[in-house]
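A.B. asks: Next up is a structure, given as C-alpha cells.
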Amino acid sequence: MGYSRSGYNLGMRVYHCLLVLGLLVLAAISLPAATPPKNETVRGKLVVHSGEATVVETSEHQRIVLDGDQPTRKVLHDPRVNGFEVEARGHFTAPGQFLVDPQHTRALVVLEHGKPKMITYWCDVCYIRAYAPGPCVCCQKDTDLELRDLDDIR
Ligand SMILES: [Zn+2]
C-alpha cells in the first residue's frame, strides 16, 4: 500500500517536472522569436550623394535608404563606393528604410562579378587595414579603398 502511494507521488513529481520543462521550452522558443526582427537581404547598386542618405537601387528600380553602425555609415558615405553592386544583410525598420547589421558581421559586401568582396581601406605606408574610410590611424595618410575576398583579409 505504502509502495503504491510513493509511486503515485513520484509520478506526480515527474509530471510536474515535465510541465515546468515544457513551459521553459515554450518560453525559450517564443521569447527570442518575438524580439529580433526578421533578417533580410537587399541587393542593388549604391547611390552615394554627399549630404544625402545613401540608397541602394534594386534591379526593380526600388530605392532603399541604407543605415548602419558608425563604420558602416562612413563606408556608405564614401563617394568611392558610389555605383558598386552591393548586398546588405539586416532588416527593414520602415518601408524603404534598411538597417545593415553590425559591420563586424560582414553584413555589407560588394558583388564583383557576382563574387562577394569586403570593402576595406589600406595604408600602403604602414600596411594597416581599416574598415572605414579616413586617415590611417598610424601615419594619418589617406587610406586607399581596396576590395578583398572575404577569406583573404589580413
Ligand atoms: Zn599609415
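The values are calculated or read from the model by the stated rules, or taken from the named source; none is laboratory data. Owing to the predicted nature of the structure, the values given are computational and were not obtained by experimental measurement. Please note: Cβ atoms are built from the backbone with ideal geometry, for glycine as well, and neighbour counts cover all protein chains shown.
One line per residue, one yes/no per condition, for (1) modelled with pLDDT under 95; (2) surrounded by 15 or more Cβ atoms within 10 Å (Cβ to Cβ):
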{"residue": "Gly114", "(1), (2)": "yes, no"}
{"residue": "Ile119", "(1), (2)": "no, yes"}
{"residue": "Gln140", "(1), (2)": "no, no"}
{"residue": "Arg154", "(1), (2)": "yes, no"}
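A.B. asks: Take Ala130 and tell me if it is within 14 Å of the ligand (Cβ to nearest atom), at pLDDT 95 or above and of a type in the set (Gly, Ala, Ser).
C.D. replies: Against the criterion (within 14 Å of the ligand (Cβ to nearest atom), at pLDDT 95 or above and of a type in the set (Gly, Ala, Ser)), Ala130 qualifies.
A.B. asks: Filter region 96-129 down to the residues that are over 12 Å from Thr72 (Cβ atoms) and free of Cβ contacts under 8 Å to residues at least 24 places away in the same chain and list them by number.
C.D. replies: Of everything in region 96-129, those that are over 12 Å from Thr72 (Cβ atoms) and free of Cβ contacts under 8 Å to residues at least 24 places away in the same chain turn out to be His113, Gly114, Cys123, Asp124, Val125, Cys126, Tyr127, Ile128.
A.B. asks: Further, regarding this structure: Can you spot a residue in region 16-39 that is at pLDDT 95 or above, surrounded by fewer than 10 Cβ atoms within 10 Å (Cβ to Cβ) and more than 13 Å from the chain's Cα centre (by Cα)? First the steps, then the outcome.
C.D. replies: Within region 16-39, the first condition is being at pLDDT 95 or above, and the residues that meet it are none.
No, region 16-39 has no match at all.
A.B. asks: Out of region 91-127, which residues are within 16 Å of the ligand (Cβ to nearest atom) and assigned to a strand (DSSP E or B)?
C.D. replies: Within region 91-127, the subset within 16 Å of the ligand (Cβ to nearest atom) is 120-127.
Once the filter is applied, which keeps residues that are within 16 Å of the ligand (Cβ to nearest atom) and assigned to a strand (DSSP E or B), region 91-127 yields Thr120, Tyr121, Trp122, Cys123.
A.B. asks: A further question follows. With respect to Ile153, determine if the residue is among the hydrophobic types (A, V, I, L, M, F, W, C), assigned to a strand (DSSP E or B) and either touching a Lys or Arg at 6+ places or on another chain (Cβ under 9 Å) or more than 16 Å from the ligand (Cβ to nearest atom) (or both). Please lay out each step first, then the result.
C.D. replies: On the way: among the hydrophobic types (A, V, I, L, M, F, W, C): yes; assigned to a strand (DSSP E or B): no; either touching a Lys or Arg at 6+ places or on another chain (Cβ under 9 Å) or more than 16 Å from the ligand (Cβ to nearest atom) (or both): yes.
Judged against the criteria, Ile153 is not a match.
A.B. asks: Could I ask something else about it? Within region 133-150, how many residues turn out to be in a strand (DSSP E or B) and more than 10 Å from the ligand (Cβ to nearest atom)?
C.D. replies: 6
A.B. asks: Checking the structure you have, find out if any residue of region 77-87 is aliphatic (A, V, I, L, M), assigned to a strand (DSSP E or B) and surrounded by fewer than 17 Cβ atoms within 10 Å (Cβ to Cβ).
C.D. replies: no
A.B. asks: Which of the residues that make up region 46-70 are crowded, with 18+ Cβ neighbours inside 10 Å and under 14 Å from the mean Cα position of the chain (by Cα)?
C.D. replies: Leu66, Gly68, listed by residue number.
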